[in-house]
Every structure is written in C-alpha cells, then in structure tokens.
1. Looking only at the stretch 135-184, count every residue that is buried (at least 22 other Cβ atoms within 10 Å of the Cβ), assigned to a helix (DSSP H, G or I) and in contact (Cβ under 8 Å) with a residue 40 or more places away in the chain and tell me the total.
2. Going through the stretch 216-236 one residue at a time, which ones are basic (Lys, Arg) and within 10 Å of Pro185 (Cβ to Cβ)?
3. Scan the stretch 302-327 residue by residue and report those that are touching a Phe, Trp or Tyr at 6+ places or on another chain (Cβ under 8 Å) and over 30 Å from Asn4 (Cβ atoms).
4. Can you work out which of the residues in the stretch 292-317 that are acidic (Asp, Glu) and part of a loop (DSSP other than H, G, I, E, B) is nearest to Gly238 (Cα to Cα)?
5. Does the stretch 416-429 hold any residues that are of a type outside the set (Val, Ile, Thr) and modelled with pLDDT of 90 or more, and which are they?
6. Looking at Glu16 and the list (1) free of Cβ contacts under 8 Å to residues at least 40 places away in the same chain; (2) within 26 Å of the chain's Cα centre (by Cα); (3) closer than 25 Å to Glu250 by Cα, which single condition is not satisfied?
7. Among the listed residues Val340, Val375, Val362, which satisfies the condition of being surrounded by 13 or more Cβ atoms within 10 Å (Cβ to Cβ) and within 21 Å of the chain's Cα centre (by Cα)?
8. Scan (1) at pLDDT below 95; (2) in a helix (DSSP H, G or I) for the single condition Trp113 breaks and write down its number.
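The values are calculated or read from the model by the stated rules, or taken from the named source; none is laboratory data. Fair warning: this is a prediction, and the values are worked out from it, not measured in the lab. Here Cβ is always computed from backbone atoms with ideal geometry, including for glycine, and neighbour counts include all displayed protein chains.
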Amino acid sequence: MQKNYYQPEAETMQVEDIKKLQEEKLIKQVKYVYDNVKYYRDLMDERGVKPEDITCLSDISKLPFLTKDDLREAYPYGMLATDLKNCVRIQSTSGTTGKRVVAFYTQNDIDMWEECCARAIVAAGGSNEDVVQVCYGYGLFTGGPGLNGGSHKVGSLTLPMSSGNTNRQIQFMMDLNATILCCTPSYAAYIGESLKEKGYKPEDNKLKAGIFGAEPWTEEMRRDIEKSLGIKAYDIYGLTETSGPGVSFECEEQTGMHINEDHFYAEIIDPDTGEVLPEGSKGELVFTSLDKEAFPLLRYRTRDITILTREKCSCGRTFIKMKKPMGRSDDMMIIRGVNVFPSQIEAVLLNLGYAPNYLILVDRVNNTDTFEIQVEMLPEDFSDTPKVITKKEKKIQSAMKEMLGINPTIRLVAPKSITRSEGKAVRVIDNRKKIGINI
C-alpha cells in the first residue's frame with residue numbers, strides 16, 4: 001500500500017517521542033497561558049494550581065476545564081494571549097444563539113492550521129496534480145479558509161467555490177475536472193442527488209475523494225455518498241476554538257481520525273464527573289492546544305462523544321485515532337427518559353434505503369413528550385396509495401423502536417419537501433426549549 005504523508009517525520013513519529021514532545025510543549029504552554037490570559041489565570045488560581053505544578057502529561061488533570069460558556073463570557077478579547085498587533089486574522093463559530101466565539105490567529109497559527117489541513121488532503125490521496133473543490137463556507141466560518149490553505153500548501157489547483165449555487169458547483173466540477181471535493185456531508189449528498197437529477201452517472205465526474213466534516217455523519221451516510229459520487233469519502237474534524245478543520249483526519253484505512261498530536265493533546269472524560277477515562281473508553285473529547293499563540297485553549301470541552309485508540313494503523317501514522325463522534329453531549333435529546341442522538345435515526349433510515357433527508361420534531365403536550373420524524377419519500381414511492389405509505393411508515397417506526405427503545409411518530413413526506421442545507425444541516429426542532437423545559 002502506498003503511503004501518503006505531507007510531513008512524514010511528524011506523522012510517523014515514535015509514540016514515546018510524541019509524548020515527550022507533548023510534555024515539553026504542555027509545560028511551556030501552561031506558563032504562557034498563565035502569564036498572558038487573565039481569564040484562565042483566575043481559573044487556575046481558584047483551583048490552587050500554578051504553572052510549576054505541571055511537570056508531566058498526567059499533571060494536565062490538575063488544570064481547570066474551559067467550555068463554550070467561558071469563551072462567550074470572555075468575548076471578545078478575554079482569551080487573547082498576545083498583542084492584537086500580532087494577530088492577522090479572526091474566525092468565528094457558526095452558532096446563531098448568544099455571543100459568537102471569536103478566535104484569533106497569528107501567522108504562525110495560520111501556518112500550523114493549514115499544514116494540518118494539508119496532511120488531511122494528502123492522506124486522502126491529494127497531491128499537486130489534483131484539483132480541490134472547496135465548498136465549505138468562506139468568511140468567518142473556518143471550513144473554507146482551512147481547506148483552501150491546506151490545498152495551497154499541497155500545491156493543488158484550488159477551486160474556492162464556497163457553499164451554495166449548486167448548479168455552478170456542478171458546472172465547475174465537471175468542466176474543470178475536480179478530483180477532491182471538500183464540504184459538509186449533507187451538502188455532498190445533495191450534490192450527488194443533483195448530479196443524478198441532471199442525468200449524470202457517478203463515473204461521469206473525475207472525483208476520486210471527498211473530505212467531509214463540520215457535522216455528524218454515519219457510516220451508512222458515507223456509503224451512500226461514496227456510491228452517489230463514485231468516490232472514497234474521508235472524515236475530517238476540528239473546531240473553531242482549536243483552529244478549525246484539520247485537528248484530526250482520516251487515512252485510507254477509515255477506522256478513525258488521526259489527531260495531529262504534535263499540536264493537540266486529547267483526553268476522554270466522563271461528561272458528568274469530569275474524570276479522565278482510560279484509552280478505549282467512550283466519553284467526552286477534551287482538547288488542549290499545545291502551540292497556539294493567539295488563542296491557546298487548555299482542556300477545552302468539545303461536547304463530542306467518542307473513543308480514543310492507539311491501535312496500529314496500516315497507513316503507518318502513529319498519531320492516536322479518535323472514532324467518528326457518536327453525537328454530542330449537548331446535542332443528545334432526552335425524550336420520555338431515553339437518550340436519543342440524531343445519528344441513530346440517520347443510521348436507521350439509510351439502512352432502510354432512504355436518503356438522509358429528515359427532520360426531527362420534539363414537543364411536550366399535556367406533560368408528555370411528543371416525538372415525530374419526518375422522512376422524505378423516495379421519488380419512486382411518491383405515487384403509492386395511502387395504505388402502502390402507512391405500511392412503510394410502520395416499518396420505519398418498528399426499526400426506530402428497535403434502535404431507540406421508544407416509538408416515534410413517522411410521517412413520510414413528499415420528495416424535496418424538507419429544506420436542503422448548503423452548510424450544516426438542521427435536523428432537530430425541539431420546541432420544549434422554547435417553553436423553558438429543562439431537557
């Protein structure tokens with residue numbers, strides 16, 4: 001098997017050398033943050049921790065966590081660790097409620113981030129002979145700028161399409177022979193659907209790979225995208241808070257995403273107690289930025305639920321892997337006392353042959369949770385009689401009951417009736433939050 005690395009010395013470093021490097025960087029970074037970020041210094045002082053208390057990797061558990069609420073409270077400059085004149089860019093989260101998280105970057109931060117994205121592109125088979133079509137949003141959102149910069153580092157011809165205008169996306173994809181597609185998985189599915197409607201077959205395009213992230217997606221959705229576009233679909237992970245996409249990325253083995261451990265230290269904790277869990281345990285992912293200059297976060301709680309594993313990978317990379325996130329601790333819905341993740345619902349629908357176009361509606365009526373899932377019919381099923389449609393709804397309901405442990409109401413709706421997303425897909429409308437119910 002051919003090995004594809006952008007920075008082979010880093011990506012294939014011996015594990016003991018990775019840990020030694022992380023330890024050196026952590027000790028230096030904790031002092032840097034303590035000296036330059038009053039907000040975090042106050043948190044450390046409240047906990048009775050000083051920089052000199054951090055002498056090895058395991059000492060990281062002495063440090064306080066950071067959450068998105070902390071970043072919003074510190075908005076806009078409270079987490080900035082350097083003079084503003086040293087910063088060359090800001091990026092911001094795509095959230096629409098409350099204060100946005102604003103992240104600052106020095107030029108060194110930008111270079112490091114783009115190198116991480118370059119590693120992801122090369123791991124997906126990219127080179128300076130490829131045409132990389134970037135359909136993530138540009139501007140404040142990190143998706144477009146990150147993969148754009150990574151593509152430049154690799155030397156690929158970059159199509160900075162941004163999101164939206166699907167007809168133009170397809171025109172450029174076909175006319176300029178794009179070979180690697182970068183966007184959200186839901187938009188990739190939509191592009192595949194649109195290509196089919198225009199009469200294109202998967203073999204008609206020149207795409208060989210896709211790098212998809214920014215929202216949860218299942219293995220079932222991966223197979224669906226790969227089939228519709230005729231590609232190999234790779235996962236990529238990141239957060240604005242830690243830099244953006246490229247914190248971790250998938251290799252050809254597709255059994256998890258390698259974390260760029262020379263820049264980020266990962267932990268898994270119990271989301272309820274904050275206790276650090278051993279490798280192989282399922283829990284909440286926590287990241288520490290080891291060498292960020294402008295916006296260095298220590299022990300940032302991502303809310304993503306996953307597993308870390310250092311099992312040997314056939315690609316030759318030695319970076320620890322994170323499994324595809326199984327959901328978010330803050331996206332999890334508690335319905336009639338049962339924990340429900342949208343990814344579970346998507347897996348059921350894709351296994352039954354439906355496209356990943358659905359909407360989850362949750363409400364509370366007469367002190368009881370209501371739970372409805374709207375699912376788009378397949379075009380060939382649209383002419384079915386009400387009796388046949390009801391039979392199909394019951395089949396979906398039975399499969400959902402087996403997966404979730406509770407019975408949702410299933411409503412099959414007309415094809416194309418659920419709004420498509422050109423960025424992050426909106427899958428859940430939980431009206432209980434509007435009436436102040438604690439969920």
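1. Going through the stretch 135-184 one residue at a time, the tally reaches 7.
2. Listed by number, the list holds a single entry, Arg222.
3. Correct list: Gly327 only.
4. That would be Glu293.
5. Ser417
6. With respect to (1) free of Cβ contacts under 8 Å to residues at least 40 places away in the same chain; (2) within 26 Å of the chain's Cα centre (by Cα); (3) closer than 25 Å to Glu250 by Cα, Glu16 is out only on (2).
7. Matching residue, one of Val340, Val375, Val362: Val340.
8. The failed condition is (1).
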